[in-house]
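Structure, as structure tokens:
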Amino acid sequence: MDIDSNNSVMLDSPRSDAIRYRRPSDEPTHDVTASRLSAKAAGPFLSPIYRLPTELLQDIFIFCLPRDKFIQPSPLQAPLLLTHICAPWRNIGISLPALWSSLQTNLPKKDTSMDTHKFNSSEIMRLWLSRAGETPLSFSFRPGHAELFVDVVVNSASMSGLSLRWRHLKMYIPKGTSISFLIPDHLPLLETLEISTTNGLHRRQIELLSNALLSVPNLSQFIWRNSSYSRSAGLQMRWSNLTRLVIEAVMTIQLALKCLSVAHRLVYVSLRLGWSSTAFIAPRSSIITLPGLKSLIIRIDGYLLEFLLAVAFPNLHDLRITHRAEWPHAAFMAFLERSNCHLQSFSFYSVPVSEVDLVTYLERFNGTLKELTLHEVGVAAQNVTDAILVRLTDFGVGDKSVLCPKIERVRLGEITPYTFGLFVDMVKSRMNPCNGASDPIKVIKMIQSFSLPQSSWNESTMSSWTRQLYKEVW
């Protein structure tokens, strides 16, 4: 930068490392007004941000990215926002492949932040790919973008070499779409694969998927979302590498146990299990133990007995079960004894468990349970009565007399036998605990009820506090 004879500022580049204002040494006096005008003209470029090295700005830009695995393009957030600040930032952003390695294509139908929406997804995809260079890719194709998915992934992925760069891939597979684009030995970087289907996959598709997954060396997360009753028979992959497994297509208990027996790294498991008769239980020589498993979600159309007798999860924190058949209480207690786990979250959906057995479970988790969800539990949903509400109420005697003193979140759904007044008293006592004990009772942070026994309360007799609680909670 120099100053000419008219004291005007001359900038070599908007990214000058330093802006220096130098008074000519041969002038005994200086026009202060002209100096101030010159400094004002250079004002934006005098900021310290313009003196940062390019490498540091690149690191800052990467930290500006949303934390989502798949980034939805918006001019209101990085990376697009960073390219609309100034020309130097735009040049840095466009030339930084790491900013463009992640994309989610599900632009909303009414997007106020974008001038156009659905029809420009293809252009956005090509823009992202052109700027991503050779970096590993994390792309999500959502329902409503089937044509884009077929065009970019199915038709061109293998030819353009995209399949060699997938790291995280999430896709909705339209009915009848071939999945031959998942080529064995062409997915060396793939770590996460999430697929969504409406009517499952037919046998040939499962065979192609299995062949591809068996060749993936780094797959740690496999998620299969499915909205209908369809089977996952024959599905294979390197189970021993997985840390997260979600399969909503139906698996037999035998197949599930076979997979779990070699998947010792699992941390999160969610399975839909098919019908299994209690009359035929395959003998097992040893118990399947998964020491790292933290969350287990089981939805079963049949009996859970065989599964419970075969597994142990010593570090399980979150257990969610949907089970409509006869409940195997003895096997469940044996599973809890064998696992010796300390649950923090416990959820029963449609489980025909008795009130006595339910209290037994809660007493076992008494010192650790923080979240409780009960939805349509018990025979005809008759297991949450006033007796349990009394046990959950803090009467000021101390934490030893209160069931689950550390609980912070309670969800009750489609459960009607209890008296609403006692329910309100329980909520009030847990929102304002006496805390006279050495180990204080936790304050409940969230109460949710999906159906209320309105026949058991009269609004005209409710106190003002109760009416206010009713409005706030529901």
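The values are calculated or read from the model by the stated rules, or taken from the named source; none is laboratory data. This is a predicted model, so every value here is computed, not measured. Heads up, the Cβs are rebuilt from the backbone with ideal geometry, glycines too, and the neighbour counts pull from every protein chain shown. The accessibility values were calculated without ligands, DNA or RNA, using every heavy atom of the protein model including side chains. Shrake-Rupley method; radii C 1.70, N 1.55, O 1.52, S 1.80 Å.
What does the charge add up to near Ile223, with Lys and Arg as +1, Asp and Glu as -1, over the other residues with Cβ less than 10 Å from its Cβ?
Residues near Ile223 contribute +1 overall.
Give me the Å³ per residue figure for the convex hull around the C-alpha atoms of region 180-297.
109
Give me the number: length gained by fully extending Ile94 to Phe395, i.e. 0.36 nm times residue separation minus the C-alpha to C-alpha distance, one decimal in nm.
102.0 nm
Counting pairwise Cα distances across region 296-383, what percent come out greater than 22 angstrom?
Cα-Cα pairs of region 296-383 separated by over 22 Å account for 16 percent.
Say each of Glu326 and Ser286 gets a label point 7 Å from the Cα, pointing the same way as Cα to Cβ; how far apart are those two points in nm?
3.3
Exceeding 23 Å between C-alpha atoms, which entries from my cross-link table qualify? They are Lys294/Lys406; Lys294/Lys428; Lys69/Lys370; Lys170/Lys370; Lys69/Lys406; Lys258/Lys294.
Lys294/Lys428; Lys69/Lys370; Lys170/Lys370; Lys69/Lys406
Suppose we look only past 21 Å in the calculated P(r) of region 207-274. What percent of the Cα-Cα pairs does that tail hold?
14
Below 11 angstrom from the Cβ of Thr419, what's the summed charge of the other residues (Lys, Arg +1; Asp, Glu -1)?
Charge balance in the 11 Å sphere: -2.
Quote the FRET efficiency, to the nearest 0.05, computed for Glu207 versus Asp68 with a Förster distance R0 of 35 Å and r equal to the Cβ-Cβ distance.
0.60
Could you derive backbone 3J(HN,Hα) for region 240-253 from the dihedral phi with the Karplus parameters 6.51, -1.76 and 1.60 (θ = phi - 60°), listing whole Hz in sequence and x where the residue is Gly or Pro?
Working through the residues one at a time gives 5, 8, 6, 10, 9, 9, 10, 9, 8, 7, 5, 10, 6, 4 Hz.
Which three extents, in whole angstrom, do the alpha-carbon atoms of region 240-358 cover along their principal axes, largest first?
Its Cα atoms span 39, 31, 28 Å along the three principal axes.
In nm, to one decimal, how far is the modelled label at Ser354 from the one at Gln77, with both set 7 Å along Cα→Cβ?
With each label point 7 Å from Cα toward Cβ, the separation is 5.1 nm.
Please list the non-local residues whose amide H lies under 5 Å from the amide H of Met171, H modeled 1.01 Å from N, same-chain partners needing a gap of 5 or more.
Phe141, Glu194, Ile195, Ser196
How would Glu207, Glu326 rank on accessible area, largest to smallest, probe 1.4 Å?
Ranking Glu207, Glu326 by accessible area, largest first, yields Glu326, Glu207.
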